[in-house]
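Below: one structure, written as structure tokens.
Since every read-out is calculated from the coordinates, none of them should be taken as a lab result. Since we're looking at a predicted model, the values are computed, not measured. Note that each Cβ is placed from the backbone with ideal geometry, even for glycine, and that neighbours are counted across all protein chains shown.
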Amino acid sequence: MIDRWTQGLLPAKPHTVFRDPDGGALLYEECFTRLGFDGPYSILYHRHAPTDEVASEVSDRGFRLEPAEGEPLPLRRRLFDSGAVHAGGAMLDARCPILFNPDVTISVARPSLSDDAFVVNGDGDDVFFVERGAGSVQTPFGLLPFHPHDYVVVPKGCPHRFLFDGEENRIFGIECRQGFHVPAQFRNDAGQLKMDAAYTHRDFVRPVLEGRAAADAAPRTVYGKRHDAWTKRTLPASPLDVVGWDGYAYPVAFPISKFQPKTGMIHLPPTIHITFAAGGAVICSFVPRVTDTHENAIPCPYPHTSVDCDEVIFYVDGNFTSRRGVGNGSISLHPAGVSHGPHPGAYEASIGARRTEELAVMIDTFRPLAWTKAAEKIERGDYHDSWKIRVDKPTTEIT
Ligand SMILES: [Fe+2]
């Protein structure tokens, strides 16, 4: 959904005879389409019919979304510790949904193993933010490398598996059930990213198609999720049996360090941090940056009441000393209906600050977020009342 890309071999015209240069067999098209046939699409060329299947069955593998039970809790600011979720396993099983609404499911994961099968998420586009860990995502579009502090975007319906370099991995995930896209204001009429967009076409990392040996060695098992239920499918060939593809729908990685921050004379609203858009939500990046230039600017954000949004912040790196109990891996939920902003004292203490080094990912949702049983287990209960405690250390804040 960034721009058109191509890898490998293609026929001169879609939907025409195209034979494998290695043996001459007829290749099979797969038109990977979005919004029916009206949205961005890619066309892949497989050695085996992508419709072929050996067996399929309901599976008890795969992560689950388990809503919390009981009466609604009081309207309070909440804090979760992503580092407290169970560590181990592969991404297929390790993703732990904590917050959700009909538009997004927000999860955390601490996988230690690479996936031994492919995963197809039929419920939404996945945006993963890599807090810790490195490796590659293997897909029919190619091998996509990732590093700490990268976003990894996997389109809905794309077979993929996480291959980690090590055992210590932490992934923050946003399942976008109403679609992921680049904000419309970033593009010109031709679809090109504008020169004042927050990033350029060159900032994205694309998958590189693997060869036949990788396809032959890859698993032939695919776990597919649709309507939050899992099906195990066994295929006669791995989904990597692709000789070429082109199109707009394919996985990408985007290092958050490539996001270009904006600085104003006085404090600019969080909309300057918008990075990606999703139906019913926006995803924002807070990166190290120079703060406001006015001699009397208050760089700390003003207390605010955003009456239409629930706000989630995943704290990645930097100095959060003004937030009691907030550190790397913390996740705050500031629901609509409760004003929020800097802790007492931080607003005043920020005057004169010229930089902020904080690194964080924020999601604003337009529909209320509910939480899961897993979220209750990792909640830190004293967060709401921490606003009653004065903080005097000079700092800038990002909420
Ligand atoms: Fe906010």
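Brief remarks on what is shown
- Charge context of residue 366, other residues only, Cβ under 10 angstrom, K/R +1, D/E -1: -3
- Qualifying GluC sites (Glu not before Pro) in region 1-78, where qualification requires a DSSP coil assignment and no more than 14 other C-beta atoms within 10 Å, comprise 53, 69.
- With 24 Å as the limit, the listed pairs 262/388; 156/232; 258/377; 194/262 have 262/388; 258/377 beyond it between alpha carbons.
- Applying both filters, DSSP loop and at most 14 other Cβ atoms within 10 Å, to the chymotrypsin sites (Phe, Trp or Tyr not before Pro) of region 1-40 gives 37.
- Mean-position separation - Cα centroids, region 71-91 and region 270-336, in angstrom: 19 Å
- Each pair of Cα atoms in region 75-169 enters the Kirkwood radius, and Stokes-Einstein at 20 °C and 1.002 mPa s then converts it into a translational diffusion coefficient of 154 µm²/s.
- When you filter the trypsin sites (Lys or Arg not before Pro) in region 273-359 for DSSP loop state and at most 14 other Cβ atoms inside 10 Å of their Cβ, you are left with 354.
- For the chain, modelled as a GNM whose springs connect Cα atoms under 10 angstrom apart, the maximal fluctuation among 24, 133, 337 occurs at 24.
- Counted by neighbouring Cβ atoms within 10 Å, the residues 387, 245 run from fewest to most as 387, 245.
- For the chain, the convex hull drawn through the C-alpha positions has a volume of 137 cubic angstrom per residue.
- Considering only 192, 178, 138, the mean-square fluctuation computed in a Gaussian network model of the chain, springs between alpha carbons under 10 angstrom, is largest for 192.
- A simple packing score, the average count of other Cβ atoms within 10 Å per residue, orders the peptides 278-287, 231-240 as 278-287, 231-240, with the highest score first.
- For the options 271, 105, 372, a Gaussian network treatment of the chain with springs between C-alpha atoms closer than 10 Å singles out 271 as fluctuating the most.
- Share of alpha-carbon pairs per 10 Å distance bin for region 242-323, given as whole %: 12, 38, 32, 11, 5, 2
- Among 31, 309, the order by Cβ neighbours within 10 angstrom, fewest to most, reads 31, 309.
- Likely footprinting exposure, 71, 376, fewest C-beta neighbours within 10 Å first: 71, 376
- Net charge of Cβ neighbours under 9 Å - reference residue 316; Lys, Arg +1; Asp, Glu -1: -3
- Building the convex hull from the alpha-carbon atoms of region 1-95 and averaging its projection over directions returns 12.6 nm².
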